[in-house]
Ligand code: GAR
């Protein structure tokens, strides 16, 4: 099976889901990388018995220097794809070039609408009737890389922010493992 590394910063529901669906979709989550030592995703990794690596950025450390740590770690583990799952940090262009078309991200809106860290709320508060989920390759920008897949979610008349969030996350959980599976199949 193909080897997938997951990067996360927070809750980690996509990480957990990617691990749980891995058998069915014929890939393996080989490790979790987090930039935030308080991320609940770490507890989840422990429970699932997935190795994790915390790369905290020190106050006086440059972004490039911090990424060096990630790169040295990556060199020790062969992998096929990096799946960003709520990883709230922008990767340098050097990193993006080095792992060209091997780093993918999930974003909770129909890009290019509602980029940024609060896309679900932003779309809901804007009053859209349709939103969705995007999976795309990573480039140097924020939520700008080439789109791989998108699926839509309708906003019902009685929708609340909570119910809308739930629908978006359900779709994320359904879509991400499938898309990873498809990418792996295509590469064979
Ligand atoms: C997900 O909804 C993901 O799409 C979003 O962060 C959430 C992480 O949830 N990512 C972005 O907004 C990227 N710009 P999780 O930690 O429960 O997987």
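Structure summary
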| read-out | value |
| --- | --- |
| Residue check, residue 122 assigned to a helix (DSSP H, G or I), farther than 21 Å from residue 6 by Cβ, more than 14 Å from the chain's Cα centre (by Cα) and modelled with pLDDT of 90 or more | yes |
| Unmet criterion (only one of (1) within 15 Å of the ligand (Cβ to nearest atom); (2) over 16 Å from residue 136 (Cα atoms); (3) in contact with a helix residue (DSSP H, G or I) (Cβ under 7 Å, 6 or more places away or on another chain)) for residue 27 | (1) |
| Residue satisfying all of: in the stretch 74-94; touching a helix residue (DSSP H, G or I) at 6+ places or on another chain (Cβ under 8 Å) and closer than 13 Å to residue 107 by Cα; surrounded by the fewest Cβ atoms within 10 Å (Cβ to Cβ) among these | 86 |
| Qualifying position, being surrounded by fewer than 21 Cβ atoms within 10 Å (Cβ to Cβ) and more than 18 Å from residue 8 (Cβ to Cβ), among 99, 126 | 126 |
| Residue list for the stretch 151-171, restricted to those being farther than 22 Å from residue 136 by Cβ and assigned to a helix (DSSP H, G or I) | 161, 162, 163, 166 |
| Single match in 2, 8 (criterion: under 21 Å from residue 172 (Cβ atoms) and surrounded by fewer than 20 Cβ atoms within 10 Å (Cβ to Cβ)) | 2 |
| Subset of the stretch 5-24 that is within 14 Å of the ligand (Cβ to nearest atom) and in contact with a strand residue (DSSP E or B) (Cβ under 7 Å, 6 or more places away or on another chain) - its residue that is nearest to residue 91 (Cα to Cα) | 7 |
| Strands (runs of 3 or more DSSP E) wholly inside the stretch 1-105 that include at least 3 residues being on the phi < 0 side of the Ramachandran plot and free of Cβ contacts under 8 Å to residues at least 60 places away in the same chain | 27-34, 52-54 |
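The values are calculated or read from the model by the stated rules, or taken from the named source; none is laboratory data. As the structure is a prediction and not an experimental result, all values here were calculated from the model. Because the Cβ atoms are built from the backbone with ideal geometry, glycine has one as well, and the counts that use them run over all protein chains shown.
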